[in-house]
Each structure stands twice: as structure tokens, then as C-alpha cells.
Amino acid sequence: MRSLILIFLAFASCGVTAAPLTSRFTYQGSLEFGGAPVNGTVDLAFEPFSAVTSGSALAAPLQVDDVVVDGGVFTTVLDFGDGFFVGDRVFLQIGVRDGASTGAFTTLTPRQEITAAPYAQTALHALSGSLLPTGVVLAIDSTTLPEGGWVWSDGRTIGSASSGATNRANADTLALYRVLWTAFDNAVLPIQTSAGLPTTRGASADADFAANKRLPVPDRRGRANVGLDTMGGAAANRLTFDVSGIDGTLLGASGGVQAQTLSVAQLPSHAHTGITLPASEDDNPDPPFSGSVIGNNLAGSATTYTSATTGPAGGGQAHPNVQPSIVTSFIVKL
């Protein structure tokens, strides 16, 4: 009887130069027949299931022919395609037959679980957000929060389970509470009582959290992110209050409007070309002047003139003030 003795999984990562990982992975096992190691070639069939017994087939069987077995040990490469490994447990049902045979496969038992390799564990942690520091902001094309500890960046409050916070009221918000309490001025994120009324900050973030005070999360609804002007210490002076109305040196400062009505002072400097005509009818050209007056002489000798005023134009309405944009959701790591 053939039996599968040893199986382990490792992503192929050898080579002189680095390259992105693919969905291929290396699979190795030990095969015996009648208690003796197998030598020769065999055909193998691999079918993934959701459980060690019964369960659902997760993909069609993958057949690998003429696998060399040396001293009972074989190595092959499997690929069930992109998107196959999504974090759920996978058990391989393996069938074997002689490499020269075209008959049915003998199913080996039990099914073998595919255990996580270091790269896979790292990817799994990254997907759950556990490798991301508290306070990280991500854009996500979803209206549902992902698993792994996130809240919306929507201006609502976080706090303890007894805080009445409107975004999330739970003990797991303490780490983010500390980050926001420390990094943001109270004028930007004003702290509240458990009833939602304005109050003052206490001695520390932990003290306010224990007192069931609520703290808002930055409100990114309908807003674009802009880099802190003093990020790294030196001011870039690309976003100044005098010009934009936004204090670019204050974390969380906000402003700007989606439409703007120009004042007279904001209009580009320009001139209107006009004409003056003689005040006396006796001084008008005879016959009446027609066409352009520029460069022409008017009859008469009058020295008193009247002014011509151009008529008004434009509606004085606000104009759009929005850059090319795409709407998405923003979430903050707890």
C-alpha cells in the first residue's frame, strides 16, 4: 500500500534577483509502497477541499504526470490560480498511480492540510491590518468596513463602551484615541462628554477615555487629503493661511469650497476701451458719423464731451472650484 508520510509547503523564493510572488507553490512529500521507499515515476492528482473529511471541493483536480520519486521523496509545483488562497484552511486530497499507467488513481488518506509559509502569513496579517500602525488612513472602494479593526474617517466620535460614541464605542478604540488625542489640537478635534456636549481635555488620553469622554475622528467626507506643510519639520509654504484660508501647519486643519464667487479685487487687471462724443449737436459730423471713430477726426471745434459707458455683462454667479476627482471611502486603523 502506498502512503503519504511527509508533506510540507514552501513558496519558491530562490534565485539571484528578486521577483514578485505568484500563485505557484512548491509541494514535497514522501511516498512508500509496502513499507519501502518508492523509486521511479508516478502520476499525482491534487484536489483541494475545505475540510479534512467531507467538505466542499474548492477547485478542479490538478494532475501532474511523471513526477520523479527518488528514495521515496518527490517534489512538484502546484498552481490553483490567483485568488485561490484567501485565508481559509485548505486540505489536499492526493491520488497516485504508476507513471506508466493510464488507469484510475488510488486516493491517499488522510487529506493533507496546506500550512502557511512565512510569506503567506505576512500577507494574511497585512490583509487583516495587523501589521499597520494605529492611525493609518486608507482609501477603500466600499461602503462596508473591513475586518481587522477600522473605523470611518467621518467626523463621528470614538470612545469607551460607556462613552456613547457615535462612530465606535468599544475598548478597542483606546489606541486610536491616544493617537488622535495627542496629535490633534482640541480646536480641530473637540472632545465631548458622554452626552455629546463640549468639554475640556483632562490630564491624559487615558484619563479622558476612562472618564467616558468622546473624541471625534477626522472628518474626510467630501474632502481631499493634503500633506502637512511642516511635515518633517521644515515648512514648505505651499499651503498658507493668508492665501488659502487653511493653516497648513495644523494637523487636521480644513477649508476650501467647491464653488467660488470672485470679488472685484480678485478679477484680473484689465481695461475697457471706450469713446467720447462732442456734447453739442452742432459739433457732430455732418452727415452723422458712422463706423469706427478710432483714428478719425470729428467735425466742429467743441471742447466739451460726454462719456460713453459700456453695458454690464455676466451673471455674477459662483464658478466650480473642484479639481478632477473620484469619490471613495476613507478608513482609519484602530
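Within the stretch 135-151, does at least one residue satisfy the condition of being within 15 Å of the chain's Cα centre (by Cα), closer than 19 Å to residue 184 by Cβ and assigned to a loop (DSSP other than H, G, I, E, B)?
Yes, the stretch 135-151 has at least one match.
Every residue in the stretch 314-330 that is within 18 Å of the chain's Cα centre (by Cα), surrounded by 10 or more Cβ atoms within 10 Å (Cβ to Cβ) and part of a loop (DSSP other than H, G, I, E, B), please. Before you say what the answer is, go through the steps one by one.
To start, the set of residues in the stretch 314-330 that are within 18 Å of the chain's Cα centre (by Cα) comprises 324-330.
Right, trim to surrounded by 10 or more Cβ atoms within 10 Å (Cβ to Cβ) and you get 328-330.
Selection gives 328 alone.
Do we have residue 111 as free of Cβ contacts under 8 Å to residues at least 60 places away in the same chain and charged (D, E, K, R) here? Walk me through how you get there before you give the answer.
Details: free of Cβ contacts under 8 Å to residues at least 60 places away in the same chain: no; charged (D, E, K, R): yes.
It is false that residue 111 is free of Cβ contacts under 8 Å to residues at least 60 places away in the same chain and charged (D, E, K, R).
List the number of the failed condition for residue 77; all other conditions in (1) exposed (fewer than 11 other Cβ atoms within 10 Å of the Cβ); (2) outside any strand (DSSP E or B) hold.
For residue 77, the failing item is (2).
Among the residues of the stretch 182-196, is any assigned to a strand (DSSP E or B), out of contact with any helix residue (DSSP H, G or I) (no Cβ under 8 Å at 6 or more places or on another chain) and of a type in the set (D, E, K, R)? Lay out the reasoning, then the answer.
Here is the first cut: in the stretch 182-196, the residues assigned to a strand (DSSP E or B) are 192.
Checking which are out of contact with any helix residue (DSSP H, G or I) (no Cβ under 8 Å at 6 or more places or on another chain) leaves us with 192.
Checking the rest, the ones that are also of a type in the set (D, E, K, R) come to none.
No - not one qualifying residue is present in the stretch 182-196.
Please identify the pairs in which a residue from the stretch 49-68 that is without any contact (Cβ under 8 Å) to a residue 60 or more places away in the chain and among the hydroxyl-bearing types (Ser, Thr, Tyr) has its Cβ atom under 6 Å from the Cβ atom of a residue that is part of a loop (DSSP other than H, G, I, E, B) and surrounded by fewer than 13 Cβ atoms within 10 Å (Cβ to Cβ), counting only partners at least 6 apart or on another chain.
Final answer for the pair search is 50/56.
For residue 206, indicate whether it is surrounded by fewer than 16 Cβ atoms within 10 Å (Cβ to Cβ), in the same structural domain as residue 163 (by TED's automatic domain parsing) and more than 25 Å from residue 138 (Cα to Cα). Write out each step before concluding.
Details: surrounded by fewer than 16 Cβ atoms within 10 Å (Cβ to Cβ): yes; in the same structural domain as residue 163 (by TED's automatic domain parsing): yes; more than 25 Å from residue 138 (Cα to Cα): yes.
Spelling it out, residue 206 is indeed surrounded by fewer than 16 Cβ atoms within 10 Å (Cβ to Cβ), in the same structural domain as residue 163 (by TED's automatic domain parsing) and more than 25 Å from residue 138 (Cα to Cα).
The values are calculated or read from the model by the stated rules, or taken from the named source; none is laboratory data. Because the structure is predicted, anything quoted here is derived from the model rather than measured. Counting neighbours? That spans all protein chains shown, and the Cβs are built from the backbone with ideal geometry, glycine included.
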